[in-house]
Amino acid sequence: MDLRKESLAQLPGVGPKRLESLESLGIKNIYDLLFYFPFRYEDMEAKSLDQAVDQEKILLKGVVASEPILARFGYKKTRLNVRILTEGESIMVTFFNQPWLKDKFETGQDAAVYGKWNEARRSLTGMKVIDVNSDDSIDSVYSVNKSIRQKTLIGLIKSAFEKYHDRIDTVVPEYLRQKYKLLDDEQIVEGIHFPKSEEQSDEARRSAKFREFFLFQCGLQSIKLKDSQKNVGITEWYDHEVIKKFINDLSFTLTTAQDRVVNEILKDMESDHHMNRLLQGDVGSGKTIVSVIAMLASVTAGYQAAIMAPTEILAQQHFDKISKLLEPLKIRTAILTGSQTKKEHDFITQDIREGKTNVIVGTHALIQDSVDFKNLGLIVIDEQHRFGVNQRKAMREKDNNPDVLAMTATPIPRTLAITTYGDMDVSRIDQLPAGRKKIETYWIRSQKIEQMYHFVTKELAGGAQVYVVTPLISESEKMDLKNAELIYDKFTELFGQKYKIGLLHGQMPNDQKESIMQDFSTKKIDVLVSTTVIEVGVDVPNATVMVIYDANRFGLSQLHQLRGRVGRGDKQSYCILIADPKNEAAVERMKILTSTNDGFVLAEQDLKMRGSGDMLGNRQSGLPEFKVGNPINDINILEVAQEEAKRLYDDKANLDSPEVRNLKSFINDEYEQLNNFD
Ligand code: ADP
Ligand code: MG
């Protein structure tokens, strides 16, 4: 019998009130309680001050050095201040809205506090007080709230374990437990809550991590499986000869990596299963041409193909390129954007509906209800992370379940790819076209800005084109514009006599943006000062210098994206970061950028620097929450778990074996909700 159907009310001392407080921790039944694990071990190791990282969580041990002071303010709000002396430094620890913690501190006594470190103030925003005198090893600390105490919770877990331990069904199949020497679920629960030794605790945690990751991956796999059963995809019998000739006639040779992903994609399109593929490739790796080949294939099979880009500038640029490539093959292309007049729009959509247009390039205007396709076979989503989940979904559900190719230039760290894109197949272009040179990156402080002017002078004289980018300084577009205008004025003053300076910003009407972009790509403009509207996608190979103002305001990945606007041809390119970073982390970011051009390395670093402690539950990082496992530190376990889940779901026979019965029913129940997962 399933412990998830067993009520907590059966435990001694659990009445309506306690039920409520357990529920507030997300514990709804016996199963939840038994698997309510103490929070992570790694975080709970006391650290010394020199290991403390700004804005990351840390456990500090020391001696209470001041009487705790409780202040009340506002409605029901409190602030508790206490000083903890550690390694000879007196650290201010502040707890908000946990007035009851006051009693935990007594001057001169030992204390251990867990919280978020502020490097500039050398203070801690406290989250929990750890009982230094308890026998429990420091790792078995449960996350509790006002309504229930640690002791009570542990008591409940104990009685639940005594009563139900022989009914804990193991979900990870036997063959995997043998292969990786994993404990069964009863042993896991026991070893994590009541370890008798450190080894037992470690072993239980390792098994629990595998279990957690494995179940998650199985959830993704089962979604994928259901998806493929539900939507039998389109079989696109494309014309191999046309494709071959098209590739041969290109002005360049595809890289080995491009060749490989083209094959992966075409194979998918030709099979009857529904393609849901992510094409990942660093900036400049040449994803566009890969998507054009896929679209061409779709058209030769008698279908329409569409590509959706996040900005009008990019859509326009794609359209120019794609129509130039495909029109000679008598393929009709069209562009659809939000800025077209109603008349134009109606005209274009009619052709799309009647199937007169084969390849449609557009912005999110493509997903409007008024756009019907005759027979859409493939939809390409460029810079897919720029679209909301719903937009992507709407596009996918257009017409008769077209194959989907989602592209991203933002390198997705392995962890992220495994955890959030597990239900997609991933193709990766891990190679740049031959002849590309490493972009040389320099970081200067704003007081040395003259150096940048000198450099730009020299480069312009050599015929180079220059991007100058300024960040989103405030939430207001107006402010950004002002900033960009100031810089534009400065460049005009310095270089305006000899060179043409252009200004591009988000508030311009689209046709104006387009014509400026056009002028830049035809070298009518030499220096383009811009807000971040140029961030994604644009491709002007002759531009070889990228100057980024206030670079410390951008994240690593975004800086890498921006830098990727240069270095797109065979000329030596440069990126100059102007930044006055205010903290260590920002200094570190500048240093990493100057030292590597590898988007994958950068993305991993980015994720790491946000802090593994902070990352869990941090929506921004895009990672799902795990209870015991940490996708960064435990990447090896995660990878193995993914592999095994894939292998299991890849073969129907495996899934029918009695060995995985528990697993299957668990996944079915637990991951129903994941059906809406994107
Ligand atoms: P991204 O992957 O960042 O979208 P693009 O598709 O815009 O990159 O390609 C960047 C540039 O490289 C374009 O000018 C494109 O024509 C060129 N390119 C693509 N593939 C190759 C190749 N195999 N050899 C040389 N140049 C290529
Ligand atoms: Mg691109």
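Whenever a residue of the stretch 300-320 is assigned to a helix (DSSP H, G or I), it has no partner that is of a type in the set (F, W, Y) and near ligand 2 (Cβ under 10 Å from one of its atoms) lying with C-beta atoms less than 6 angstrom away and at least six residues away or across chains. Among the candidates N636, N675, N662, the residue that is modelled with pLDDT under 60 and either part of a helix (DSSP H, G or I) or open to solvent by 60 Å² or more (accessible area, probe 1.4 Å) (or both) is uniquely N675. Checked against the criterion of being more than 16 Å from ligand 1 (Cβ to nearest atom) and either in contact with a strand residue (DSSP E or B) (Cβ under 6 Å, 6 or more places away or on another chain) or within 18 Å of F246 (Cβ to Cβ) (or both), the candidates I293, I335, I322, I307 yield just one match: I335. Screening I293, I348 for residues that are farther than 30 Å from D425 by Cα and either within 12 Å of ligand 2 (Cβ to nearest atom) or surrounded by 18 or more Cβ atoms within 10 Å (Cβ to Cβ) (or both) leaves exactly one candidate, I348. In the set T363, T357, only one residue is within 24 Å of F246 (Cβ to Cβ) and surrounded by 15 or more Cβ atoms within 10 Å (Cβ to Cβ); that residue is T357.
Search the stretch 263-283 for residues being in a loop (DSSP other than H, G, I, E, B) and buried (at least 22 other Cβ atoms within 10 Å of the Cβ), and hand back the single one that is farthest from ligand 2 (Cβ to nearest atom). By that ranking, first place goes to M275.
Considering the conditions (1) surrounded by 13 or more Cβ atoms within 10 Å (Cβ to Cβ); (2) over 30 Å from A208 (Cα atoms), K76 is excluded by exactly one of them, (1). Which residues, counting only those in the stretch 639-656, are in contact (Cβ under 8 Å) with a residue 60 or more places away in the chain and within 17 Å of V171 (Cα to Cα)? Matches in the stretch 639-656: V640, A641, Q642, E644, A645, K646, L648, Y649. Filtered by the rule that a residue be open to solvent by 70 Å² or more (accessible area, probe 1.4 Å) and more than 29 Å from F600 (Cβ to Cβ), the stretch 423-455 gives Q447, K448, E450, Q451, H454. The residues on offer are D550, D539, and the sole one that is under 17 Å from I449 (Cβ atoms) and charged (D, E, K, R) is D550.
Yes/no matrix, rows are residues, columns are (1) away from ligand 1 (no atom under 11 Å from the Cβ); (2) open to solvent by 10 Å² or more (accessible area, probe 1.4 Å):
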site	(1), (2)
D539	no, yes
N542	no, yes
I548	yes, no
Q558	yes, yes
L562	yes, no
G569	no, yes
S573	yes, no
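Condition check for G115 on (1) under 24 Å from E584 (Cα atoms); (2) outside any strand (DSSP E or B): one failure, at (2).
The values are calculated or read from the model by the stated rules, or taken from the named source; none is laboratory data. Just so you know, these numbers come straight off a predicted model, no measurement behind them. Methodologically, a virtual Cβ is constructed for each residue, glycine included, from the backbone with ideal geometry; neighbour enumeration extends over all protein chains shown. These accessible areas exclude ligands, DNA and RNA; they are computed on the full protein's heavy atoms, side chains included. Shrake-Rupley method; radii C 1.70, N 1.55, O 1.52, S 1.80 Å.
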